[in-house]
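Q: The following block contains the structure, expressed as structure tokens.
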Amino acid sequence: MQNYLKDITVIEPVDYLNLMGLVKRSWKVITGSGGLQKEAYFAKKQAVVLMNDTGCKELVDIRLNRLADKDELYKIVMCECKVKYHEEVSGTGDPAAIVGEILRSKF
């Protein structure tokens, strides 16, 4: 086990702001948390997700997130896979304008 952990830093739980600082400075994120998958995406980091399934399928589809079980975890984490960040996965950033336009057209 120690041989596998030589390239991985395991930390105790931290508060949100410190966590986001760590994510921003990380190479990848290993998580079993649905929320941290999205936070890693917003920080433009690949997440290796310790689940059989995820609510963030769109991130798995573009291979920004990878699902891993215990047997393939190390291989997936250490993969030097080139991943392209897709901004459109999180939307266009203008839902307020779209909703406003719809409401104006109806009233």
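Q: Name the residue, out of Ala40, Ala97, that is at pLDDT below 85 and in a helix (DSSP H, G or I).
A: After ruling out the rest, the residue left standing is Ala97.
Q: Can you name every residue in region 54-67 that is closer than 19 Å to Met78 by Cβ and either in contact (Cβ under 8 Å) with a residue 60 or more places away in the chain or surrounded by 15 or more Cβ atoms within 10 Å (Cβ to Cβ) (or both)?
A: Val60, Leu64, Asn65, Arg66, Leu67
Q: Quick one: in region 82-94, of everything that is of a type in the set (Ser, Thr, Tyr) and in contact with a Phe, Trp or Tyr (Cβ under 9 Å, 6 or more places away or on another chain), which residue is modelled with the lowest pLDDT?
A: Ser90
Q: Of the residues that sit in region 18-37 and are farther than 17 Å from Val77 by Cβ and either of a type in the set (Phe, Trp, Tyr) or modelled with pLDDT of 90 or more (or both), which one is farthest from the chain's Cα centre (by Cα)?
A: Here the residue is Asn18.
Q: Considering Met20, Met51, which residue is of a type in the set (A, V, I, L, M), surrounded by 15 or more Cβ atoms within 10 Å (Cβ to Cβ), out of contact with any helix residue (DSSP H, G or I) (no Cβ under 6 Å at 6 or more places or on another chain) and not in a loop (DSSP other than H, G, I, E, B)?
A: Within the list Met20, Met51, the selection yields Met20.
Q: Considering Thr54, Thr9, which residue is within 24 Å of Lys82 (Cβ to Cβ) and either touching a Leu at 6+ places or on another chain (Cβ under 8 Å) or aliphatic (A, V, I, L, M) (or both)?
A: Only one candidate qualifies: Thr54.
Q: Which numbered condition in (1) at pLDDT below 85; (2) in a loop (DSSP other than H, G, I, E, B); (3) out of contact with any helix residue (DSSP H, G or I) (no Cβ under 8 Å at 6 or more places or on another chain) is the only one that Pro13 fails?
A: Failed condition: (1).
Q: Got at least one residue in region 66-81 being assigned to a helix (DSSP H, G or I), out of contact with any helix residue (DSSP H, G or I) (no Cβ under 9 Å at 6 or more places or on another chain), charged (D, E, K, R) and modelled with pLDDT under 75?
A: No, region 66-81 has no match at all.
The values are calculated or read from the model by the stated rules, or taken from the named source; none is laboratory data. None of these values were measured; they are calculated from a predicted model. A quick note on method: Cβ atoms are made from the backbone with ideal geometry, for glycine too, and the neighbour counts reach across all protein chains shown.
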